[in-house]
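Quick note: the coordinates plus some simple rules give every number you see, no bench work behind them. This structure is a prediction, so every number in the text was calculated from the model and none was measured. For neighbour counting, all protein chains shown are included, and Cβ atoms are generated from backbone atoms with ideal geometry for every residue, glycine included.
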Amino acid sequence: MPYKKVKSVNKGMTVVYSGDSNVLIKKDGTLAWRNNNPGNIISGPFAKRRGAIGENKGFAVFPDTETGRKAQYSLLKNSDYQSKTIDGAMKKYADPKHNPTEKYIQYVSKQTGMSRDKNLSNLTPKEFEKFTEAIRRFEKLTPGTEVTLPHPDKHKSILHSPMTPKIPSRHVEVFRHRNLGAHNNSGGTLKREGDKVWRIDPDGSTRGYFICND
């Protein structure tokens, strides 16, 4: 479902998306997850050209995570970044004035196994994917609570109210867990829809589901 409009409430901790037939509410979790912006790209002309539909706390909000991922990819393929080393690119991507840039660079270098002095223009497609994935992991795409409500015309109060919307418990929900035994040892999350419970990894990807009849 392509969402066309977005608003943020509760100091950006809740983001409400609206489309022709659904309203999506994303609450808590990380900023990157709430904004469908896995690379935490700032709001502006570039993000808008790449499909952003709004902004939250200064960062772009995309209609879905895939659009946000493609925007990050396009940004880092720009000549302003391709002409730089990993070190230089990260200092531009996450400037030291507002970010722990040195820690960021060390993390990316360790995750990719590449020297910080390597030029982005010299990265193979596989290396570039590892580079962008390391950035997404650092930014953390950790889910919070998510619900989808049908028939947006019935939820105008949610779309126009400045207050945090109340989430009906009967709809899709995502809940945190810390102890799943053999099913999880990484502190991920589960997403429940009806009697199906989906495993969600920290990067936002899913690994199938199991049935819960409670």
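List of remarks:
- The combined condition, being within 22 Å of LEU120 (Cβ to Cβ), in contact (Cβ under 8 Å) with a residue 12 or more places away in the chain and not β-branched (Val, Ile, Thr), is fulfilled by ALA89.
- The set of residues from the stretch 9-43 being assigned to a loop (DSSP other than H, G, I, E, B), farther than 11 Å from GLY68 by Cβ and under 17 Å from the mean Cα position of the chain (by Cα) comprises GLY12, MET13, ASP28, GLY29, THR30, SER43.
- Residues (of a type in the set (Asp, Glu) and without any contact (Cβ under 8 Å) to a residue 12 or more places away in the chain) located in the stretch 47-86: GLU66
- Test: residue in the stretch 136-150 that is out of contact with any helix residue (DSSP H, G or I) (no Cβ under 9 Å at 6 or more places or on another chain), in a helix (DSSP H, G or I) and closer than 22 Å to LYS5 by Cβ: no
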